[in-house]
């Protein structure tokens, strides 16, 4: 079946004082971020440390957890406009996939980490929660819609457990924190222009005010447009960022604003069978209206399917092999205000507030609903409206050898989701505007969700043995209440209320410095995840039957590692063990000879063990060579019932490669820089019983840049060339786009995206 289209979003306003009177809800919009409340002092500290780094680092000295970073220098090696998630794909344990060369097309973007998929990770921008950045979340948005990649200074990855105060209610398997760049201290302007494959153009312009008695700001605008690399349609985005900072001896205040507009024509989901029969370039049919009508008529018993589908095997669901058109529209506005106040030499107060509003609509020409006796298709829209606001705060103070931190995070989110059907009269100029001023002829559902998140935490970090030994321990309390109301009587979705909470989620760690260059560390953390919308995707009867027995998903992670750094080498080795329990899945919990409705159940646990290795070697001046190796053994620990026993005990977790290897070489001399990177991604299973898989593959990228320095009135001018998928490898990128099934030995489940072929991009970057 086709995907759930985009989402429609309402309006978000933030007033910190109003946080404590509302109700709220969670999980289906797409990751968001706003500005810069410091979620905790450690976030500020890490950010400051990160800003001093010149490039990717696999050593985070003094941390009791596995923490690694990439900086703006690493982002600049990629084609301008590339998602920062693609920059961290070179780090151990990270698997990032997308169907386009930049990682922008949201239906296809996917990141997994240490056996966990994206829905069970946490993401923040300057301390502002981005939700889990999944395509269908209710409390966030993708980082690419929250900030232009040109304005990112640092991306910090915590593979096992994020900082205790991280503003996330889904971070079972790790966190990724993005930090925006501060304004330049000298007034100026910069322009970056990109042209490339598939009629790609991207223009980025930024103006900086420079410092004026402690105040500085910038405003930027970028416009990006590209044709799809296969099929019909294009993808367009416009984005404005503004950041202002005022600093004085006693602290600083920062304001961040983002406005994003995006339209995306979809790529067609593939199956193993459809790719084999129809090729890698198989896509939506638009503008071929007649073939789309013929498929819809054949589905309804009126005539035969078109010959273009004849290569597909007998029994294949031909109506779902392709559709006329699909895609989505997004509009986001987000803002955040944060402050850091030095109350004394040993006490700092961090406060922040943020708001986010999002409107989205997914449009899909469905062959399952007719507009009239002569037009067997209709336009189905899935509309979304999100209004969320929240705040963070922390108080950090030192007592002797103890650094103590207490803090909170609170958020309210209100979301509307509706499924509507509109008449089509013929070939449709798809993806033009929202269906705001038209009345649907039918409505599938209209749901109103409210999510309320409250989190408080406290921690103590103790420095012993002249700072050679660091111990930290703390805990957080998390409560998330989800409420759903059906606004139409005919809705097939459930209404009600469900809460996920735990008053004691501990985190402990230790770091011991063997000498000036070597250290070892170990940590333990426990987390739970909010239910999100999943419980309300059932029928009312199933929800009423299941809600009393459901438990929130939970993880417990142990990790230990070793770090070393010197003049020419930087290396880390990390081993981890994670127990993921109370896994949620919609099943029919009876035997094959019985009949029962689908219901959401806890279906058992997952055990993940693995090792990450990373080495940065600088054998000679100007040369840097990064290598990373990851081994992850993530397996289900239980069978479950779904109209019979599904034998998943001992099977590998879907979508997770066991082996990954990355090698990245960069050479700089004078104004010249060249990079070459390659990554091996092991096979990934796409069924729960492991009877279907996508093969392993190697992928290479290359780039060169030449900085000409100052020319005339231009302060700095540079030229860049990037080639993605250097050897034009054809491969499956994203898996699970339409979910996973228990068994698919014939390879018929359309749940994968093809990776983009070789693409070439040229850019000119000028500073004034």
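Scanning segment 556-565 for residues that are more than 11 Å from residue 524 (Cα to Cα), in contact with a strand residue (DSSP E or B) (Cβ under 6 Å, 6 or more places away or on another chain) and touching a residue at least 60 places away in the same chain (Cβ under 8 Å) turns up 561, 563, 564. Residue-level check: of (1) touching a helix residue (DSSP H, G or I) at 6+ places or on another chain (Cβ under 6 Å); (2) within 30 Å of residue 531 (Cα to Cα); (3) surrounded by fewer than 24 Cβ atoms within 10 Å (Cβ to Cβ), residue 117 misses just (1).
Highlighted here are the strands (runs of 3 or more DSSP E) found entirely within segment 155-274 that include at least 1 residues which are closer than 30 Å to residue 556 by Cβ, at pLDDT 95 or above and touching a strand residue (DSSP E or B) at 6+ places or on another chain (Cβ under 9 Å): 175-180.
So, residue 151, is that one more than 13 Å from the chain's Cα centre (by Cα) and either free of Cβ contacts under 8 Å to residues at least 24 places away in the same chain or more than 30 Å from residue 231 (Cβ to Cβ) (or both) or not? Answer is yes for this residue. Restricted to strands (runs of 3 or more DSSP E) entirely inside segment 81-126, those with at least 3 residues that are closer than 24 Å to residue 204 by Cβ are 122-125. Within segment 736-750, does at least one residue satisfy the condition of being surrounded by 15 or more Cβ atoms within 10 Å (Cβ to Cβ), assigned to a strand (DSSP E or B) and in contact (Cβ under 8 Å) with a residue 60 or more places away in the chain? For segment 736-750, residues surrounded by 15 or more Cβ atoms within 10 Å (Cβ to Cβ), assigned to a strand (DSSP E or B) and in contact (Cβ under 8 Å) with a residue 60 or more places away in the chain: absent. Within segment 396-410, identify whether any single residue is free of Cβ contacts under 8 Å to residues at least 60 places away in the same chain and buried (at least 19 other Cβ atoms within 10 Å of the Cβ), and answer yes or no. Yes, segment 396-410 contains a residue that is free of Cβ contacts under 8 Å to residues at least 60 places away in the same chain and buried (at least 19 other Cβ atoms within 10 Å of the Cβ).
If you scan segment 130-147, which residues turn out to be out of contact with any helix residue (DSSP H, G or I) (no Cβ under 7 Å at 6 or more places or on another chain), part of a loop (DSSP other than H, G, I, E, B) and within 17 Å of residue 264 (Cα to Cα)?
Correct list: 135, 136, 141, 142.
Scanning segment 586-600 turns up no residue that is over 22 Å from residue 742 (Cβ atoms) and buried (at least 16 other Cβ atoms within 10 Å of the Cβ).
Exactly one residue among 703, 720 is closer than 30 Å to residue 768 by Cβ, under 26 Å from the mean Cα position of the chain (by Cα), crowded, with 19+ Cβ neighbours inside 10 Å and at pLDDT 95 or above, and that residue is 703. Looking at the structure I just gave you, is residue 655 crowded, with 17+ Cβ neighbours inside 10 Å, outside any strand (DSSP E or B) and in contact with a strand residue (DSSP E or B) (Cβ under 8 Å, 6 or more places away or on another chain)? In short, yes.
The values are calculated or read from the model by the stated rules, or taken from the named source; none is laboratory data. It should be emphasised that the depicted structure is a prediction, and the values quoted were computed from it without experimental measurement. Glycine gets a Cβ as well: all are built from the backbone with ideal geometry, and neighbour counts include every protein chain shown.
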